[in-house]
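Colleague: Quick one: this structure, given as structure tokens, is what I'll be asking you about.
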Ligand SMILES: Cc1ncc(C[n+]2csc(CCOP(=O)(O)OP(=O)(O)O)c2C)c(N)n1
Ligand SMILES: [Mg+2]
């Protein structure tokens, strides 16, 4: 192959490997350590991808392509972006340091145009597949017409393939007819701990073929292919093909002389082959025997640039972990670092003078101007940074929430979406819903009936065509607005993550809403965390929740999810009791998910709530199937604001209050009943409706921090609400979830507090049975109040 780019690419490959290796070396051996902790970094894992990433970024990629880089190849990525001028020397000098270049590529923390964050292995891989579905969705809706389709590319560690979420994604991708997705497996036959199983490649081939992917195996580089054509070459190929992974790795580590000895021992009696071996000196022999396709630029370019279709492709690229470094092939090299002596040897070979380590073209054999001119013209980077933004979608002043005297929040959610589906607003046009096979049971049915299911090719509902009565209209069409997933919550969150980045990835804003059963958040939790870490924007609507789903039993009861809501960064969590609250929260949410965050959380807090609301985020709604009586009230702007801020007084405590009850969600009737009972004997009992423990808590923490910094007047919403109650007053908190969710309320102003909730795996029963069992019924609330609130014991306790 006589490609004029090759000499430049070969030089840049050397430079990229140097910069990556030096960045890690500098962080560990040169930069002053303030805490004596090893800084770390993965020189061998990075080297494994140096050639592949050079071929991609410096030649094969187009600006519209989006890439998830194997997390521990982050230094290679940063090196490439440094050469493009998108990464600074200061950040590289501070690799893994405070505000330095990140250990694993990060969309939100790094400055160098990262497409997808990675870190938790497997998630970035699946992210590319789901991003491709999002791209199809955007295109099928007639948007982003002036932009070419990008390929969504993952650089995958071979051991990363063990992560189950990748297989879940593969199956879903097959169902959705995924296109434009490339996974490039860095087949270095090493994981973190050891050398991997023999023959794994054959499993991969069979697997991907079964799902309709093209499999491109990239095994031998051009040097080896040429040697195979020499006399005796076929025997050499056989030898390598049957060489166990461990032996190959060990010989790679030992180098040319070891290769010679072993080959001569095994094959020395074979005339032409012995000549083939003997015609090369040790260094040449070492280079030949490690010339795998994953380190061969001509082979890689041909493979990448030879794909002329949009079907998904997996490249199985044989590589060497630590290629080009003294660590190459050693089974312990995952966290291994070149020691200073080894590094000096490498420096010598790289011809880099001390003090010139960061120079762009130091030690290279082509003139700097030529190399600079080559980089200038690299297609991927020619148009600068590739992130888009999209205008905000207008959100109506109020959302219609059809009133019924008694409703559940889950019902209300369905009705609100149904009203939106009937409307002809930009918001309704941009909403996209998705659910892992619980669309109907989470009340998305009405929305889907009106807006249809998404597929690139239309597919009519046969039941409808056959005139069989059904409540649901299951028509697939390109303009459909619901993406139906199989039962895999990991996939739900990774799809939401992709949909919620559409404005940035594809320049078209979507408002994604995903529904699932609340307990199964845990099933996809790492993916939810990943989506939030990437600053993706979406709604998670989880229903049913808690023990309130009573007859469903313990396996479906969520206990800890409110604590997830409280602690998950990037996610504002709400648990409304009433549908009018839900409507206010959703209206706020539609706007909140569109706010421009810097993702770094450095935004200045709002002076009313002390929340970092300016930056926006995603929304979690914990809903319930319990039908409860709805308050007949008017939604005033003040009430609406308090609902969004996290709490309001349902019944304001008087000046002599001895006890207040703070409740969340579906237990509203129990809290109201308990307050009614107590009011017979006590004056001034208060009832606090908590719509978001998360936002109350975050505001409180932030206000304390602000005061500690000298902003003495900082006061959060919960501090204001609880400020007027007497110090001897007790607080009983109650929710259908872990009691710690509201347990901290007593610390706000030092009120004695008893927190009720659910702590243990439950069982089947009626709602009343289970509330009683967990002590969260009205009697339980009253009993708790009696124990903590001053005053005489009163008669209703005796009746219990
Ligand atoms: C979910 C998760 N579990 C564990 C890890 C720790 N970890 C980082 S890399 C790695 C092994 C990676 O091996 P491979 O994917 O083959 O990459 P290589 O270093 O060989 O290139 C492990 C276990 C992680 N980052 N994420
Ligand atoms: Mg590996």
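The values are calculated or read from the model by the stated rules, or taken from the named source; none is laboratory data. Here the structure is a predicted model, which is why all the values come from computation and not from measurement. Every residue, glycine as well, gets a Cβ built from its backbone with ideal geometry; the counts of neighbours run over all protein chains shown.
Colleague: Return only the number of the condition from (1) at pLDDT below 95; (2) out of contact with any strand residue (DSSP E or B) (no Cβ under 7 Å at 6 or more places or on another chain); (3) over 30 Å from residue 386 (Cα atoms) that residue 474 does not satisfy.
Modeller: So the condition that residue 474 fails would be (2).
Colleague: Are any residues in the range 176-188 surrounded by fewer than 24 Cβ atoms within 10 Å (Cβ to Cβ) and over 22 Å from the mean Cα position of the chain (by Cα), and if so, which ones?
Modeller: Once the filter is applied, which keeps residues that are surrounded by fewer than 24 Cβ atoms within 10 Å (Cβ to Cβ) and over 22 Å from the mean Cα position of the chain (by Cα), the range 176-188 yields only 177.
Colleague: Residue 426 passes all but one of (1) surrounded by fewer than 20 Cβ atoms within 10 Å (Cβ to Cβ); (2) at pLDDT 95 or above; (3) more than 20 Å from residue 141 (Cα to Cα); which number fails?
Modeller: (3)
Colleague: Please state which one of 770, 721 is in contact with a strand residue (DSSP E or B) (Cβ under 9 Å, 6 or more places away or on another chain) and outside any loop (DSSP other than H, G, I, E, B).
Modeller: 721
Colleague: Please go through the range 110-165 and pick out each residue that is part of a helix (DSSP H, G or I), out of contact with any strand residue (DSSP E or B) (no Cβ under 8 Å at 6 or more places or on another chain), within 16 Å of ligand 1 (Cβ to nearest atom) and over 13 Å from residue 495 (Cβ atoms).
Modeller: 160, 162, 164
Colleague: Is it true that residue 638 is modelled with pLDDT of 95 or more, more than 23 Å from residue 565 (Cα to Cα) and over 25 Å from the mean Cα position of the chain (by Cα)?
Modeller: yes
Colleague: Could you tell me whether any residue of the range 520-538 is at positive phi, touching a strand residue (DSSP E or B) at 6+ places or on another chain (Cβ under 8 Å), part of a loop (DSSP other than H, G, I, E, B) and crowded, with 18+ Cβ neighbours inside 10 Å?
Modeller: So far as the range 520-538 goes, no, none of its residues is at positive phi, touching a strand residue (DSSP E or B) at 6+ places or on another chain (Cβ under 8 Å), part of a loop (DSSP other than H, G, I, E, B) and crowded, with 18+ Cβ neighbours inside 10 Å.
Colleague: Let me ask you something else. Which of the residues belonging to the range 329-356 are closer than 29 Å to residue 244 by Cβ, in a loop (DSSP other than H, G, I, E, B) and touching a residue at least 60 places away in the same chain (Cβ under 8 Å)?
Modeller: Correct list: 329, 330, 331, 333, 334, 335, 336, 337, 338.
Colleague: Tell me which residues, restricted to the range 158-167, are under 20 Å from residue 322 (Cα atoms) and either out of contact with any helix residue (DSSP H, G or I) (no Cβ under 8 Å at 6 or more places or on another chain) or more than 14 Å from ligand 2 (Cβ to nearest atom) (or both).
Modeller: 159
Colleague: Which one is nearest to ligand 2 (Cβ to nearest atom), of the residues in the range 193-212 that are part of a loop (DSSP other than H, G, I, E, B) and either touching a helix residue (DSSP H, G or I) at 6+ places or on another chain (Cβ under 7 Å) or under 24 Å from residue 297 (Cβ atoms) (or both)?
Modeller: Filtering first and then ranking leaves 196.
Colleague: Also, I was wondering about something else. If the requirement is being exposed (fewer than 14 other Cβ atoms within 10 Å of the Cβ) and either out of contact with any helix residue (DSSP H, G or I) (no Cβ under 8 Å at 6 or more places or on another chain) or not in a helix (DSSP H, G or I) (or both), which of these qualifies: 384, 363?
Modeller: Checking each option against the conditions leaves just 384.
Colleague: Against the condition more than 13 Å from ligand 1 (Cβ to nearest atom), closer than 20 Å to residue 378 by Cβ and touching a strand residue (DSSP E or B) at 6+ places or on another chain (Cβ under 7 Å), how does residue 66 come out, does it pass?
Modeller: Yes, satisfied.
Colleague: Then there is this: Please work out which one of (1) surrounded by 21 or more Cβ atoms within 10 Å (Cβ to Cβ); (2) under 24 Å from residue 503 (Cβ atoms) is the condition residue 412 fails and give its number.
Modeller: For residue 412, the exception is condition (2).
Colleague: Within the range 168-192, track down each residue that is over 19 Å from residue 311 (Cβ atoms) and either away from ligand 2 (no atom under 14 Å from the Cβ) or part of a helix (DSSP H, G or I) (or both). If you could, list the steps in order and put the result at the bottom.
Modeller: To start, the set of residues in the range 168-192 that are over 19 Å from residue 311 (Cβ atoms) comprises 168, 186-192.
Within the range 168-192, just 168 meets the criteria.
Colleague: What helices (runs of 4 or more DSSP H), lying completely within the range 1-95, carry at least 2 residues that are within 16 Å of ligand 2 (Cβ to nearest atom)?
Modeller: Here the list reads 43-48, 50-55, 74-84.
Here is a yes/no grid of residues against (1) at positive phi; (2) surrounded by 21 or more Cβ atoms within 10 Å (Cβ to Cβ):
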residue: 63; (1), (2): no, no
residue: 80; (1), (2): no, yes
residue: 83; (1), (2): no, yes
residue: 98; (1), (2): no, no
residue: 108; (1), (2): no, no
residue: 113; (1), (2): yes, no
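Every residue, every condition in (1) within 27 Å of the chain's Cα centre (by Cα); (2) over 16 Å from residue 319 (Cβ atoms), yes or no:
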{"site": "198", "(1), (2)": "no, yes"}
{"site": "207", "(1), (2)": "yes, yes"}
{"site": "212", "(1), (2)": "yes, yes"}
{"site": "217", "(1), (2)": "no, no"}
{"site": "230", "(1), (2)": "no, yes"}
{"site": "264", "(1), (2)": "no, yes"}
{"site": "273", "(1), (2)": "no, yes"}
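Colleague: Here is a follow-up. Whether any residue in the range 294-313 is over 30 Å from residue 65 (Cα atoms), surrounded by fewer than 21 Cβ atoms within 10 Å (Cβ to Cβ) and in contact with a helix residue (DSSP H, G or I) (Cβ under 7 Å, 6 or more places away or on another chain) is what I want to check.
Modeller: Scanning the range 294-313, I find no residue that is over 30 Å from residue 65 (Cα atoms), surrounded by fewer than 21 Cβ atoms within 10 Å (Cβ to Cβ) and in contact with a helix residue (DSSP H, G or I) (Cβ under 7 Å, 6 or more places away or on another chain), so the answer is no.
Colleague: Tell me, which residue of the range 730-748 that is crowded, with 16+ Cβ neighbours inside 10 Å and in a helix (DSSP H, G or I) is nearest to the chain's Cα centre (by Cα)? Spell out how you get there, then give the answer.
Modeller: Narrowing the range 730-748 to residues crowded, with 16+ Cβ neighbours inside 10 Å: 730-746, 748.
Narrowing the set further to residues that are in a helix (DSSP H, G or I) leaves 740-743, 745-746, 748.
Values: 740: 26, 741: 24, 742: 28, 743: 30, 745: 31, 746: 34, 748: 33 Å.
The qualifying residue nearest to the chain's Cα centre (by Cα) is 741.
Colleague: Report whether or not residue 324 is surrounded by fewer than 24 Cβ atoms within 10 Å (Cβ to Cβ), closer than 17 Å to residue 58 by Cβ and either under 36 Å from the mean Cα position of the chain (by Cα) or at pLDDT 95 or above (or both).
Modeller: Yes; evaluated as a whole, the condition is true for this residue.
Colleague: It is to be established whether one or more residues within the range 5-13 are over 29 Å from the mean Cα position of the chain (by Cα), at pLDDT 95 or above and more than 19 Å from residue 351 (Cα to Cα).
Modeller: Taking every residue of the range 5-13 in turn, at least one turns out to be over 29 Å from the mean Cα position of the chain (by Cα), at pLDDT 95 or above and more than 19 Å from residue 351 (Cα to Cα).
Colleague: Next up: State all residues of the range 419-463 that are more than 17 Å from residue 540 (Cα to Cα), under 26 Å from the mean Cα position of the chain (by Cα) and part of a loop (DSSP other than H, G, I, E, B); if no residue qualifies, say none.
Modeller: Those that are more than 17 Å from residue 540 (Cα to Cα), under 26 Å from the mean Cα position of the chain (by Cα) and part of a loop (DSSP other than H, G, I, E, B): 455, 456.
Colleague: Out of all the residues in the range 219-240, is one or more surrounded by fewer than 21 Cβ atoms within 10 Å (Cβ to Cβ), within 16 Å of ligand 2 (Cβ to nearest atom) and either touching a residue at least 40 places away in the same chain (Cβ under 8 Å) or assigned to a helix (DSSP H, G or I) (or both)?
Modeller: Looking for residues that are surrounded by fewer than 21 Cβ atoms within 10 Å (Cβ to Cβ), within 16 Å of ligand 2 (Cβ to nearest atom) and either touching a residue at least 40 places away in the same chain (Cβ under 8 Å) or assigned to a helix (DSSP H, G or I) (or both), one finds at least one in the range 219-240, hence yes.
Colleague: Considering only residues that are more than 22 Å from residue 410 (Cβ to Cβ) and either surrounded by 14 or more Cβ atoms within 10 Å (Cβ to Cβ) or modelled with pLDDT of 95 or more (or both), which ones fall in the range 609-633?
Modeller: 609, 610, 611, 612, 613, 615, 616, 617 - these are the residues of the range 609-633 that are more than 22 Å from residue 410 (Cβ to Cβ) and either surrounded by 14 or more Cβ atoms within 10 Å (Cβ to Cβ) or modelled with pLDDT of 95 or more (or both).
Colleague: Oh, and also: Filter the range 692-718 for residues that are over 23 Å from residue 658 (Cα atoms) and in contact with a strand residue (DSSP E or B) (Cβ under 9 Å, 6 or more places away or on another chain) and give the result.
Modeller: Across the range 692-718, the qualifying residues are 692, 694, 695, 698.
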